[in-house]
Structure formats: C-alpha cells, structure tokens
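Notes for the one structure printed next.
The values are calculated or read from the model by the stated rules, or taken from the named source; none is laboratory data. Remember, it's a predicted structure, so these values are computed and weren't measured experimentally. Note that we place each Cβ from the backbone using ideal geometry, even for glycine, and neighbour counts take in every protein chain shown. These area figures cover heavy atoms from the full protein model, side chains too; ligands, DNA and RNA do not enter into them. Shrake-Rupley method; radii C 1.70, N 1.55, O 1.52, S 1.80 Å.
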Amino acid sequence: MGGDVDHPGIEAAEQAAAMLTAAGMARMPARVMMALVGSPDDGYTAAELAERLGVSPAAVSGAVRYLISMRLIQRLSRPGDRRDRYDLTDDAWDGMITANAPLYAALAMQLDRIADENTDAPASVARARDVADFLRYLSERVPEIAAEWRAGRG
C-alpha cells in the first residue's frame, strides 16, 4: 500500500467501514465509500482504490457498481483521461439516511398488522404498536431533519 501520506485517514476509514458493515452494509462497498471520504479532490481511480484497500480491481469494480446504483458515489470523467475517477456524491450521506424513510412507514404498517392479528397477547401488541409509532415518527422526521440541516448550511 502507498502508506498514510498518500492515503490520509486509512485507519479511521477502516473503522468507519467496519461500523457500516456492522450496521448491515456489505463490507467492500463500505470500505470503498469510506476510502472515498478521504480521497483527493479529484477522486480515486479504481486502481487507486484497489491499491489503497489492498484488494483486487474486481472487488473494487463490484463495490463501485453497487455504490453508483445506490447514488452514493459518482463516476467522474476528465477530458483526455481514459480512466474514470470516483468520488462521493454531494448528498451521499443525507440521501442514504433519508432513503430509508419510506421503509420505516412500511415497516410500521406491517407491525400494526401483526398487532391487529395478535389479540391474545396484549404485551406483544403494545410493543408492536410502540415500535410502529416510533417508525412512523422516523419516517416523518428524518426527511425534515435532513431538510433543516441542508437549509442551515447556507
């Protein structure tokens, strides 16, 4: 690997990637995404990402395809350079977090259905309704919080 001078924040990026992996993100996309947080201003090529992460170009290619499809990273083309470069999209973080808002509402609806059908277990029903209420709250508030954050930035 090129070392910390060439690639700042390697240890912190790996720890952050491990946290994302523990939260359910696939390991290689998490590592690529966190490496891009510490990328040069013109991004990284796939070969540079592979070198930084100590993995094969094929592993980077799959992760890059996935992250592009999720709109978390973007392909940057430069005139005269045949190699694509990659970097985070401007709204990668708030987009990733707010994208789950509809899921929270859908989960709340399913929890309500479970509670409706579980009439012989009042404690379980109460727990399901409580979680459903919390998920509905998240589905409403997370997009509002992201909008407030964006508005406060200038």
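May I ask you to list pairs of residues, at least six apart or on different chains, whose Cβ atoms are under 8 Å apart, with the first in segment 55-75 being under 12 Å from residue 28 (Cα atoms) and the second being part of a loop (DSSP other than H, G, I, E, B)?
Matching pairs, first to second residue: 63/26; 66/26.
Restricting segment 105-115 to residues that are open to solvent by 30 Å² or more (accessible area, probe 1.4 Å) and of a type in the set (A, V, I, L, M, F, W, C), which is farthest from residue 68 (Cα to Cα)? Before the answer, list the steps.
Of all residues in segment 105-115, those open to solvent by 30 Å² or more (accessible area, probe 1.4 Å) come to 105-107, 109-114.
With of a type in the set (A, V, I, L, M, F, W, C) added as a condition, the list becomes 105-107, 109, 111, 114.
Numbers: 105: 25, 106: 25, 107: 26, 109: 30, 111: 32, 114: 36 Å.
The extreme case among them is 114.
Can you report the number of residues in segment 63-104 which are modelled with pLDDT of 90 or more, surrounded by 15 or more Cβ atoms within 10 Å (Cβ to Cβ) and in a helix (DSSP H, G or I)?
The qualifying residues number 5.
On the basis of being of a type in the set (Lys, Arg) and farther than 23 Å from residue 143 by Cα, does residue 71 make the cut?
No: the conditions fail for residue 71.
Taking residue 16, is it open to solvent by 50 Å² or more (accessible area, probe 1.4 Å) and of a type in the set (A, V, I, L, M)?
Numbers: open to solvent by 50 Å² or more (accessible area, probe 1.4 Å): no; of a type in the set (A, V, I, L, M): yes.
The answer is no for residue 16.
Identify the single condition in (1) within 30 Å of residue 50 (Cβ to Cβ); (2) open to solvent by 100 Å² or more (accessible area, probe 1.4 Å) that residue 150 does not satisfy, given that it satisfies every other one.
Failed condition: (1).
Going residue by residue through segment 48-61, is there one that turns out to be under 18 Å from the mean Cα position of the chain (by Cα), open to solvent by less than 30 Å² (accessible area, probe 1.4 Å) and within 30 Å of residue 139 (Cβ to Cβ)?
Looking through segment 48-61, none of the residues is under 18 Å from the mean Cα position of the chain (by Cα), open to solvent by less than 30 Å² (accessible area, probe 1.4 Å) and within 30 Å of residue 139 (Cβ to Cβ).
I'd like the full set of residues that are of a type outside the set (Gly, Ala, Ser), open to solvent by less than 40 Å² (accessible area, probe 1.4 Å), part of a helix (DSSP H, G or I) and free of Cβ contacts under 8 Å to residues at least 24 places away in the same chain, limited to segment 19-46.
Of everything in segment 19-46, those that are of a type outside the set (Gly, Ala, Ser), open to solvent by less than 40 Å² (accessible area, probe 1.4 Å), part of a helix (DSSP H, G or I) and free of Cβ contacts under 8 Å to residues at least 24 places away in the same chain turn out to be 20, 34.
Could you tell me which residue of segment 91-130 is nearest to residue 61 (Cα to Cα), considering only residues that are among the acidic types (Asp, Glu) and under 13 Å from the mean Cα position of the chain (by Cα)?
Here the residue is 91.
Which one is farthest from residue 106 (Cα to Cα), of the residues in segment 116-132 that are surrounded by 13 or more Cβ atoms within 10 Å (Cβ to Cβ) and charged (D, E, K, R)?
Among them, the one singled out is 127.
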